[in-house]
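Only the coordinates and a few stated rules stand behind these numbers; no lab work does. Here the structure is a predicted model, which means the values were calculated and not measured. Using ideal geometry, Cβ is built from the backbone for each residue, glycine included, and neighbour counts are taken over all protein chains shown.
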């Protein structure tokens, strides 16, 4: 039986889950900070994973600066950032991190009665871009600090 | 003789993390990028343990596990499922298929090693000999 999903519950879950993913996989402490707009990045790497089911559809975007994405990749693979040989390694890790974050949301939605499937990850790279949600979807931006770095989780979600 | 561990995951990142987790142990790591490749490697190499992702293209982990369990030789190989989805239905489905254990992503490497250690005997690699002082 599907329960009514509330956006604040989604953002609260995603806040806890992002912190958990960074702590467990990377031993990095992320902390939610106020704000709803994407900060400026010199260069940005964005992982995206879509989700869709009968009662809920949307996508999760994980935005990191290029330099922090490289640090994240190194931490996940147990090497130094200097040992990262190409962009593909960074893309793989950012995609996998986005997959884990969205997989958690999928599980949470399924337990709330809104079964859905997730897509394979995709990566966007660039300096200045924004991702527009479909007109009937809600857009939530969650900002985190991890040391001197910013992490942004952008959620586009349509319920019902 | 080194334990053979087969990591089946479409994510190269996860395969690298799994390989890193077992680096201190006397293990031979084998890899496959989906269930179809995983079955081929399993039939050829007869691994002692399979670490199997659930969601993969070409052939997913559930289908691969079902086929393993239908094979008289391969069905005895212990399987630990790795899944990014911790939902009740997903976990129940995995449990019904007869896996030895499962681990939800994100996971810590020592959690994986601990679960693997319940299925196979992991022996630490001997430390590399140090060069004699000049």
message: Give me the inter-chain shielding for A:96-107: mean count of other chain Cβ atoms within 10 Å, whole number please.
response: 6
- request: Quick one: work out the % antiparallel among DSSP beta bridges in the protein assembly as shown, nearest 5.
  value: 70 percent
field: With Cα atoms, 0 to 90° folded angle of helix B:35-45 axis to chain B main axis
entry: 50 degrees
message: With the crude spin-label approximation of a point 7 Å out along Cα→Cβ, what separation in nm comes out for residue A:134 versus residue B:108?
response: 4.1 nm
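At 0.890 mPa s and 25 °C, plugging the Kirkwood radius over alpha-carbon pairs of the range A:1-145 into Stokes-Einstein gives what diffusion coefficient in µm²/s?
Numbers: Rh = 15.9 Å.
The calculation lands on 154 µm²/s.
Would you mind telling me the antiparallel percentage of the DSSP bridges in chain B, rounded to 5? All intermediate terms of the calculation are to be shown ahead of the outcome.
Values: 1 of 19 bridges.
That works out to approximately 5 percent antiparallel.
What FRET efficiency comes out for residue A:85 versus residue A:6 if R0 is 45 angstrom and r is the Cβ-Cβ distance? Round to the nearest 0.05.
Working: r = 44 Å, r/R0 = 0.99.
The value I calculate is 0.50.
Nearest 500 deg cm²/dmol is fine: what mean residue ellipticity at 222 nm does chain A get from its DSSP H runs of n ≥ 4 alone, each adding -39,500 (n - 2.57), divided by its residue count? Spell out each step's value before the answer.
Working: 3 runs with 57 residues, N = 160.
Roughly -12000 deg cm²/dmol at 222 nm, from the helical runs in chain A.
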field: Largest to smallest principal axis extent of the C-alpha atoms in the range B:3-109, angstrom
entry: 35, 33, 24
- request: Project the alpha carbons of the protein assembly as shown onto their principal axes and report the range along each, largest first, in whole Å.
  value: 62, 59, 26
field: Between 0 and 90°, nearest 10: helix A:7-26 axis offset from chain A longest Cα axis
entry: 30 degrees
- line: The rounded separation in angstrom of the Cα centers of the range B:43-88 and the range A:77-117 is 21 Å
- request: Compute the length gained on full extension between residue B:20 and residue B:96: take 0.36 nm times their separation in residues and subtract their Cα-Cα distance, giving the result in nm to one decimal.
  value: 24.4 nm
